[in-house]
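None of the figures in this text is laboratory data; all of them are computed from the coordinates on show. This is a predicted model, so every value here is computed, not measured. For neighbour counting, all protein chains shown are included, and Cβ atoms are generated from backbone atoms with ideal geometry for every residue, glycine included.
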Amino acid sequence: MAKTFRCQDAGLPCGFKATGQGEDEVVAKAVAHALQKHGVDLSQAKTLESYARRAITDDSQPRPDAPTGAWG
């Protein structure tokens, strides 16, 4: 089951989206992105990594803020 992390879901004004088959794969992509684009080393900050893990969503579940209607 695919998982997704979006910087926006973590409160950042960034359009980055990481997807993968498992949480560890998605976190690895998010950690690399955070260091490269935001200058934040999540691998050394367990609190921030934990926060990022909580922002991961299961792609089989609808997002509560997902657009609906003609534009969705």
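Figures for the structure shown
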item: Lys, Arg +1 and Asp, Glu -1 on Cβ, resulting dipole of region 3-61 about Cα centre, debye, nearest 20; result: 160
item: Of ALA55, VAL31, GLY11, farthest towards positive along the dipole that unit charges on Lys, Arg, Asp, Glu beta carbons give region 3-61; result: GLY11
item: Cα gyration tensor shape of region 3-61, rounded if a/c is under 1.5, else prolate or oblate by comparing a/b with b/c; result: prolate
item: Mean separation of Cα contacts under 8 Å (6+ apart) over length of region 3-61, as relative contact order %; result: 39
